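Please treat every number below as a calculation from the coordinates, not as lab data. The structure displayed is predicted, hence computed values, not measured ones. Every residue, glycine among them, receives a Cβ derived from its backbone with ideal geometry; neighbour counts consider all protein chains shown.
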Amino acid sequence: MNKKSLLQKAVAAPHVMWAVLFIIAPLFFVVYYAFTDKDGNFTFDNIAELAQASYLEIFLRSLCFAFLATVICLIIAYPIAYFMTKASPKTQKILIMLVMLPQWLNFLIRTYSWMALLEDTGIINNLITAVGLDPVHMINTSGAVILGMVYNYLPYMIIPLHSVMSKIDSRLLEAASDLGCSHFKVITRVVFPLSMAGIISGVTMVFVPSISTFYISQKLGGGNFDLIGDTIERQFQTAYNYNLGASMSFVLMIIIMISMAVMSKYSGEDDGGVIV
């Protein structure tokens, strides 16, 4: 028994070391710099500075963009996930592969591809002008930033929803139909409540990266829309104000922890298949 216990500890040691070096230690440094000044003295000034109107505007904009991207992803992903569950098992595997296929490409390449599509002289506007219509300015707008978020994070909404919906007992849907429910009522009164765990999981998985993103806003927004991620990056790479950057990271971490807590509360273990 002791030998087995010793072996288990030895096997777990690399994982524990990895967690300490790349999870616990970075979080410790974030908290340390967030509550100290440049001389290492304890202070709340960094957190208090975030109450300025300019920073509050950035946080509010980030929350709004992330919220809109999450809602749009949910609206698009829900019917896709539902119709995927109605396909044969073989077709479902193919559809899942197609959903995840763009994720095999580098994040930067995907974002640059959208730049080529949305530019004033890009592919979309070339097609518009080819049919005699006036070009549409799409790049460097808030809509382009939200579009980039939706495109990059949509699979993280589809997969949890499909995973949960595929485990719904089909007999429940048949019973609802036999009791007089229309197809719409079956979806709203049976499928939707039973897929709530997937909704919560998908919302969290989309909202968290959306609120912390920075590259999408820089390339598709042209730097016109500062988000939390942009401001944090600037504090560390150009302003060299590690304390203020850490305080922003700390607040962002709190937001993420709240999102994870909500997901943990409403996603029970019996709703198998939720991807976290």
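Modelled spin labels at Tyr240 and Ile94, positioned 7 Å past Cα toward Cβ, are 5.8 nm from each other. Take 50-63, 237-250, 175-188, 155-168 and order them by the average number of nearby Cβ atoms within 10 Å per residue, most first; the result is 155-168, 237-250, 50-63, 175-188. Ordered by the count of other Cβ atoms within 10 Å of each Cβ, fewest first, Met138, Met263, Met149 give Met138, Met263, Met149. If you take the charge dipole of the range 52-266 about its Cα centre, with +1 on Lys and Arg Cβ and -1 on Asp and Glu Cβ, which of Tyr55, Met205, Trp114 is farthest toward its positive end? Working it through, the farthest residue towards the positive pole turns out to be Met205.
Mean residue ellipticity at 222 nm, helices only, the chain: -22000 deg cm²/dmol; runs of at least 4 DSSP H residues each add -39,500 (n - 2.57), and the sum is divided by the number of residues.
Stretching Arg110 away from Phe44 to a fully extended chain increases their span by 19.8 nm, per 0.36 nm per residue minus the current alpha-carbon distance.
Translational diffusion coefficient, Stokes-Einstein: compute it for the chain using the Kirkwood radius over C-alpha pairs as Rh, at 20 °C and 1.002 mPa s, and state it as an integer in µm² s⁻¹. All intermediate terms of the calculation are to be shown ahead of the outcome.
Values: Rh = 21.8 Å.
Calculated translational D: 98 µm²/s.
For the range 193-243, the Stokes-Einstein estimate of translational diffusion at 4 °C and a viscosity of 1.567 mPa s comes to 103 µm²/s, using the Kirkwood hydrodynamic radius over alpha-carbon pairs. Mean-square fluctuations from a GNM of the chain, with a 10 angstrom spring cutoff on Cα atoms, peak among Trp114, Trp104, Trp18 at Trp18. The simple spin-label model puts a point 7 Å past each Cα toward its Cβ; for Asn224 and Thr129 those points are separated by 1.9 nm.
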